[in-house]
Amino acid sequence: MSENNEETTTIGARLKAARTAKGLTIDDLQQITKIQKRYLIAIEDEQFDKLPGDFYVRAFVKQYAETVDLDGNALLEEYRDQLPSVHTETIVENVDEVQPTRVASREQPASPASRVRNYLPTIIVTAIVVLILLFIWFMAVRTHAGSSSSTSADSSSVQVSSSKKQSSSSKASSSAKSSSKASSAKEQTIKANGSSDTAYTLTNGADKNKVVIKSTKAAWTSVTTNGTQTWQGTLKADGSHILTLPSNATTVKFQFGNATATTVTINGKAFNFNPKNSTSQVRTITLTIK
């Protein structure tokens with residue numbers, strides 16, 4: 001009897017019991033966590049030497065625990081004596097500071113000729129700058145004199161051009177108003193494809209649809225767009241994740257590891273992917289965007 005009590009208090013037995021209580025198999029857990037099946041079995045059998053390294057032992061155990069609704073950090077702390085420790089090495093490099101000797105760098109007093117040579121580049125640059133400024137001033141005066149004679153002739157053409165711009169601006173404004181009225185009449189809808197509760201169609205969505213995923217408990221979720229995985233991860237209790245679908249998205253597949261604890265909104269509107277109140281936790285939903 002004492003041997004059975006000791007076995008159930010080990011970390012592997014506790015994780016296995018929590019998984020069994022949730023009705024999950026090792027294959028279900030592999031699909032949710034993306035951890036290889038052999039590593040999950042090694043964790044339950046407490047054969048930690050079969051995992052890639054000490055860091056992965058603690059990381060995989062924590063993700064396993066949160067997927068079966070256990071507190072991962074608390075479990076690691078409680079069974080820290082049964083788990084391998086992660087050691088970090090800090091490398092400190094000492095750098096010597098070298099101060100130059102001032103006595104060796106002292107300069108001898110410069111002669112008058114050398115002082116002139118030192119300032120000669122500055123004098124040349126200053127002279128060039130002055131010449132450039134004088135040339136610019138001369139060209140500006142000449143241009144101003146020529147433009148003043150044509151000011152009166154140009155004023156009439158400016159008035160005609162201004163009236164044309166006002167007319168085109170009013171037309172553009174009325175066109176924009178009519179366009180905004182037409183777009184506001186279209187509302188986003190998400191409907192099931194027939195009687196199916198796993199296939200839906202989104203119409204009148206945004207160019208880049210904003211998706212917000214929330215969970216009340218630890219829940220793994222995967223989002224695949226046009227056959228390419230966009231995001232996957234495990235949310236903690238009361239956690240959320242925001243992602244924006246690309247503009248060319250036509251098919252989006254949602255995979256939920258804890259569907260009953262997960263909610264989804266698209267462009268601020270709720271996506272009711274479980275209208276029949278299914279109690280299945282692992283679900284796959286397909287959304288077609290038109």
Using θ = phi - 60° and the Karplus relation 6.51 cos²θ - 1.76 cosθ + 1.60, list the HN-Hα couplings for segment 272-289 in order, rounded to whole Hz, with x at every Gly or Pro.
7, 8, 9, x, 9, 6, 5, 8, 5, 7, 8, 9, 10, 10, 10, 10, 9, 9
Can you tell me which of 114-125, 47-58 comes out highest on packing, and rank the rest after it, using the mean Cβ neighbours within 10 Å?
47-58, 114-125
Normalised by the empirical 2.2 N^0.38 Å for globular proteins, what value does the Cα Rg of segment 188-271 take?
1.05
Pop out the ³J(HN,Hα) list for segment 9-17 in order, Karplus 6.51 cos²θ - 1.76 cosθ + 1.60 with θ = phi - 60°, rounded to Hz; leave Gly and Pro as x.
8, 6, 5, x, 5, 5, 5, 5, 5
Packing rank of 32-40, 133-141, 245-253, where each peptide gets the mean count of other beta carbons within 10 Å, highest leading:
32-40, 245-253, 133-141
With 16 Å as the cut-off, how large is the P(r) tail for segment 234-290, expressed as percent of Cα-Cα pairs?
49 percent
Accessible area per residue of segment 194-290 at 1.4 Å probe, in Å²?
49 Å²
Filter K208/K253; K34/K290; K62/K253; K34/K217 down to the pairs with a C-alpha to C-alpha distance above 21 Å, please.
K34/K290; K62/K253
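The values are calculated or read from the model by the stated rules, or taken from the named source; none is laboratory data. Small disclaimer: the values here were computed from a predicted structure and weren't measured. Glycine also receives a Cβ, built like all others from the backbone with ideal geometry; neighbour counts cover every protein chain displayed. Surface areas here come from the heavy atoms of the whole protein model, side chains and all, with no ligands, DNA or RNA. Shrake-Rupley method; radii C 1.70, N 1.55, O 1.52, S 1.80 Å.
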